[in-house]
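Below you'll find the structure, written out as structure tokens, and then a few comments.
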Amino acid sequence: MSSPGIIFRKYRPGDEEDIASLLCSSFESFREYGINKEVWLRYGEIDSGFKPENAIVAEYEGKIVGYVQIINRRVKIGDNCYVSMGGIANVSTMPEMRRRGIGTTLLMNAIEQCLNEGIPLSGLYTSYGSAAHRMYKRAGYEDTFLCKALVGTVDEMKRVKDNCGETRGVVIRHYEYGDEEKMLKTYLEWGRSYTGLVERSIEYWRRKLVERSAIHTFFYGDFDLEEVFIAVENGEVTGYAYTTLCKKKKVPFRPPEAALIRELVFKPGCLKSLISLVDAVMDFFISEDVKLCEVASPLEDIYLTVFKPFRQMPQGMFMTHIPLIHKLFEELKSEFESRLSLTPLPGGKIVVEFETPYGSVRLGIRGGEVNISIDEEPTVKIFFDSNSFTRMVFGVETINDLVAENMIRIHTTQYIGRVLSMIQALFPRRTWFMSPVDHW
């Protein structure tokens, strides 16, 4: 229930001291990191997606008692399409003001802001099963992907290194000034098959990964070129690894004897570069007396094979809300047509209506052409719950998965096999990955 006298409003200059104090009272990570008003304001200089004016606060008797931050991102869906997303960060309420509906109201205000600004997607990270997770579900956010890290002890690190064996033709060196443009090119080529990646400009890269060392969400350290490994084949940058020694930086909830591989990337076809990078990083960690290694990587066969001795450990749930379903499909239109061009479907026009808790939207499909929100009566209606729909949009599950799990209903006058083939072409399976560097 809400309390009378609470005012919900946008950030005003001067709020930053109360916001920093609120973050420290709400999150051990921020207390440990030592956030203050100067650090909070500096985020806008580091991350172009962080804007103080996108903060929403709850004020009671002249004091800020609640806060949420919207972070602007463009997130990849499919091969080439990046969609605008309002990232929800730092939802917090003063301990003595909790259980009054402040957090939920802040979330609803954030969703309304996304609506007003034409942002079709909203996303956030949280601990699965927590009180916050339940609150986000009540506000309309649904589970999209359970993020996991690969974690290994020193003995398992040694086994990984031994398994790497000897590779030839790859030079491993540390970062050199100007490498970032080649690294960004490698990141884009590597990321083509993934969903969930965040769009990066070269300026974003330099601010977060050269001028400083972005570790996770709002936590940074000094840049150390010895922690950045570059793979070179035939004079060309073909892979890289960003690492962090926790004994040298403030890394919340990680012991000083731990180390992180924050990003491990290689160009398609350059498997030797991946193996050589892993071998060099394991050697570095072992020489630095690291006892525990945590790897952020896509959970696909190549990484799971290289790090086979490691364990998969849950890191948090990524949740999605769709404030503007029509806008989302409009932004995906070119991606849909590109996918259909790869899987041409015979037969006449199909009009599909997607019925979801976020609203309904119709697609008219003829050959490789897609029209959004047409007036014609649907020949196919598919009824989703919000969880199954967001997972299909990102490719975490396919239409065939959802049918097998009895998660959707389909009403159609068309041949069901043709319908399923078409939806499968529009929303193919993809491996989810979002680097901790880009988290919020």
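Ranked highest first by the average count of other Cβ atoms within 10 Å around their residues, in what order do 381-387, 312-318 fall?
Taking the mean over residues of other Cβ atoms within 10 Å, the ranking is 381-387, 312-318.
Please report, in debye to the nearest 20, how large the charge dipole of the range 324-426 is about its Cα centre when each Lys and Arg carries +1 at its beta carbon and each Asp and Glu carries -1 there.
Dipole of the range 324-426, to the nearest 20 debye: 180 debye.
Sorted by packing (mean other beta-carbon atoms within 10 Å per residue), highest first, where do 128-136, 347-355 land?
Most protected by this proxy first, the peptides run 347-355, 128-136.
How much FRET efficiency would the formula 1/(1 + (r/R0)^6) give for N163 and T413, where r is the Cβ-Cβ distance and R0 is 51 Å, rounded to 0.05?
FRET efficiency, N163 to T413: 0.40.
How high is the FRET efficiency between K333 and E199 when r is their beta carbon distance and R₀ equals 22 Å, given to the nearest 0.05?
Using R0 = 22 Å, I get an efficiency of 0.75.
Taking only the Cα atoms of the range 21-148, how large is their convex hull per residue, in Å³?
136 Å³
Which residues' amide hydrogens lie under 5 Å from the amide hydrogen of V91, considering only partners 5 or more residues apart or on another chain, with H built in the peptide plane?
Excluding prolines and chain starts, which carry no amide H, the hits are Q69.
Arrange L124, L340 by Cβ neighbour counts within 10 Å, fewest through most, would you?
L340, L124
Put a dot 7 Å past each Cα toward the Cβ at D224 and R98; how far apart are the dots in nm?
About 3.5 nm, to one decimal.
Please list the equivalent ellipsoid semi-axes of the chain, computed as the square roots of five times the alpha-carbon gyration tensor eigenvalues, in descending order and whole angstrom.
Rounded to whole Å, the semi-axes are 36, 32, 18.
Could you work out how far apart the two model spin labels at I374 and H174 are, taking each label as a point 7 Å from the Cα in the direction of the beta carbon, and quote it in nm?
Placing both labels 7 Å beyond Cα along the Cβ direction yields 6.0 nm.
Report the label-to-label distance for E61 and F383 in nanometres (one decimal), using points 7 Å from each Cα along the Cα→Cβ vector.
The modelled label-to-label distance comes out at 5.0 nm.
Quick check: the distance between the Cα centres of the range 324-359 and the range 119-175, to the nearest angstrom?
30 Å
Read-outs: derived from the displayed coordinates by stated rules, not from any lab. The structure displayed is predicted, hence computed values, not measured ones. Every residue, glycine as well, gets a Cβ built from its backbone with ideal geometry; the counts of neighbours run over all protein chains shown.
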